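Below is one structure, written out as C-alpha cells, with a few remarks after it.
The values are calculated or read from the model by the stated rules, or taken from the named source; none is laboratory data. Computed from a predicted structure; not experimentally measured. Methodologically, a virtual Cβ is constructed for each residue, glycine included, from the backbone with ideal geometry; neighbour enumeration extends over all protein chains shown. Accessible surface is based on the protein model in full, side chains and every heavy atom, while ligands, DNA and RNA are left aside. Shrake-Rupley method; radii C 1.70, N 1.55, O 1.52, S 1.80 Å.
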Amino acid sequence: RQPGDYLSFMIGRWPVLVVHGRDGELRAFHNSCRHRGSILCKPGEGHVARLICPYHSWTYGLDGRLLAAGRMPEVFDKGEHSLKPIHLERVAGAVFVCLAETPPDIATIRRDLTPLLAPHNLGHAKLAHQATLVEYANWKLVMENGRECYHCA
Ligand code: FES
C-alpha cells in the first residue's frame, strides 16, 4: 500500500518482484540482479527504501533504475542495467503480471472482471487471511471470501 512495499514470489521457475513506487505506480520486475543474477528480495513481502542486492550491493530505485554499482569501470552505463521489467496490469484492485515479451491483450479480462470485482472494492481491501490453493486447471481466477470460493472460467 505504501511506496517501498514489495511482494516477491515465483511464477513457475521465474522469480518475480512487484514493487510500489514512490510515484504510486506498481511495477513488476524479474527479481534478479543485473550484475550476476542474485535474487534481490527473498520470497515474501516487505518494505524497502531501495532495492539493494545482497551479493555486491548494486542498488536499484523502486522504479527499477540502477542507482549505484560499485567498482565498475568509468565507461559503465548504469542506464543500461535497470531491472528487467515484467508486464503488470491492475484490474479493479486485482494485479495481473505476464512474463511474455508481448503480453496477450487484457482488454477482455478487464471488461469481464471489472463489474464482478467492483462490489468487493479490492483496492481498499485488507489482508485478513492468506492460504495457498493449488488449482489443477487451466486459466482461472479463484476468489475466496472465507465462506465461498468463486471460480471464473
Ligand atoms: S549479483 Fe547483485 S550486486 Fe553482484
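Taking all protein chains as they are arranged and a probe of 1.4 Å, the heavy atoms of SER57 leave approximately 70 Å² accessible to solvent. Label sites at TYR55 and ALA128, each approximated as a point 7 angstrom past Cα along Cα to Cβ, lie 4.3 nm apart.
Exposure here means at most 12 other Cβ atoms within 10 Å; with chymotrypsin sites (Phe, Trp or Tyr not before Pro) in a DSSP loop as sites, the longest stretch of the chain lacking them is 1-75. Here the dipole of the chain is about 340 debye; that uses its Cα centre as origin and unit charges on the Cβ of Lys and Arg (positive) and Asp and Glu (negative).
For the range 29-89, the list of GluC sites (Glu not before Pro) that fall in a loop by DSSP and count at most 13 other C-beta atoms within 10 angstrom reads GLU74.
Kindly express, to the nearest 10 degrees and within the range 0 to 90, the angle between helix 107-117's C-alpha long axis and the longest C-alpha principal axis of the chain. Tilt of helix 107-117: around 60 degrees. Each of ALA107, PRO54, LEU40 was placed along the dipole of the chain (beta-carbon charges, centred on the mean Cα), and the one lying farthest toward the positive end is PRO54. Backbone geometry of the range 85-97 corresponds, through the Karplus equation with coefficients 6.51, -1.76 and 1.60 at θ = phi - 60°, to 3J(HN,Hα) couplings of x, 10, 5, 9, 9, 10, 10, 6, x, 8, 10, 10, 10 Hz, x marking Gly and Pro. Of the trypsin sites (Lys or Arg not before Pro) found in the range 5-109, those that fall in a DSSP loop while having at most 16 other beta-carbon atoms within 10 Å are ARG13, ARG22, ARG36, ARG50, ARG65, ARG71. Taking every protein chain into account, the accessible area of the chain amounts to 71 square angstrom per residue (probe 1.4 Å).
For a straight C-alpha distance cut-off of 17 angstrom, the aspartates and glutamates reachable from LYS42 (same-chain residues fewer than eight places away being disregarded) are ASP5.
Dipole orientation for the chain: of the candidates ILE86, GLY4, ALA125, GLY4 has the Cα lying most toward the positive pole (charges on Cβ; Lys, Arg +1; Asp, Glu -1). With all protein chains in place and a 1.4 Å probe, the accessible surface of the chain carries 53 percent carbon and sulfur.
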